[in-house]
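The values are calculated or read from the model by the stated rules, or taken from the named source; none is laboratory data. Here the structure is a predicted model, which is why all the values come from computation and not from measurement. Cβ: placed from backbone, ideal geometry, glycine included. Neighbour counts: every protein chain shown. Accessible surface is based on the protein model in full, side chains and every heavy atom, while ligands, DNA and RNA are left aside. Shrake-Rupley method; radii C 1.70, N 1.55, O 1.52, S 1.80 Å.
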Amino acid sequence: MVLLLNSLTVSLFVLAVMGGFTVANCKISVTRYLKLLLLPIAFLLLGILPIIFSLGQSGDTLFSIAIGNLTIYCQWQNLLDGLLLFFKALSAVSCMYFIALNTTMNDLIYAFKKMKAPMLFISLMELIYRYIFVLLEEYKKIFVAQRSRLGYKNFKTSIVSTGRLIAALFLKTYNKCDRVYNALLSRAYAGEIPALEHKYEKSLSMYMAAYALPLCIAMVFLLEKRWMHCM
């Protein structure tokens, strides 16, 4: 709904609601949640700069910046478009964080199976999830070995050690993942990894929340349109 409605008010509403749900359900502080948002915010700020600022002047110009012979303009419509894109993407990220921080991998796989997702897709999810930890484990081993040999004592050695770490990491993780896959084959792996599934009970409050949130979003969107029409 955030992506389809294309509304700044809806994006801010979803960002606040999903952030509140995530903080309350995960029992984490607001400060920690905001720190998690810093990474996507940094990418989004870099992405909207070409939208907000332009080299050509047309329409209402809020301000301009002169850099030598080059003048960069900021127009009102471009600023609104940049803010809309920023908060729309950030609200989508908040929805993703709500799922990622509240749902285990087994529950996600269970949900995809209930939705009749292709088994190839589910198997790839399971293997990629396992290989992420294989990658992290090998990275820690190599990094600790380099640190113990003063591989990061200055900038020059850090660059050299980082390059060697990446090269060694690729080879070691490739061999380790190959051994993991062979271990699965030796245990009768045939494209599906069986796992114990939880038994879930239907919750009336969850059903009510699932219907109430889209209705609230639609109401916010209609109120925004009505307010803009009155203006």
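Computed quantities for the displayed model
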{"quantity": "Within a Gaussian network of the chain (alpha carbon springs, distance under 10 Å), most fluctuating of 151, 47, 20", "calculated": "151"}
{"quantity": "Mean projection area, nm², convex hull over Cα of segment 43-93", "calculated": "3.6 nm²"}
{"quantity": "Exceeding the 29 Å Cα-Cα cut-off - candidates 27/202; 35/176; 35/140", "calculated": "35/176"}
{"quantity": "Environment charge of residue 129, counting only residues whose C-beta is closer than 14 Å and scoring Lys/Arg +1, Asp/Glu -1", "calculated": "-2"}
{"quantity": "Descending principal axes extents, segment 97-231, alpha-carbon based, whole Å", "calculated": "67, 50, 22"}
{"quantity": "Cα centroid of segment 1-75 to Cα centroid of segment 199-223, whole Å", "calculated": "26 Å"}
{"quantity": "Ranking by accessible area, most exposed first, for 21, 98 with a 1.4 Å probe", "calculated": "21, 98"}
{"quantity": "Calculated P(r) of segment 119-183 - Cα pairs past 17 Å, %", "calculated": "49 percent"}
{"quantity": "Candidate values (i) 46; (ii) 17; (iii) 25, label of the one derived for percent of Cα pairs over 33 Å apart", "calculated": "(i)"}
{"quantity": "Cubic angstrom per residue, convex hull over Cα atoms of segment 152-231", "calculated": "318 Å³"}
{"quantity": "Percent carbon-and-sulfur accessible area, the chain, ignoring ligands, DNA and RNA, probe 1.4 Å", "calculated": "69 percent"}
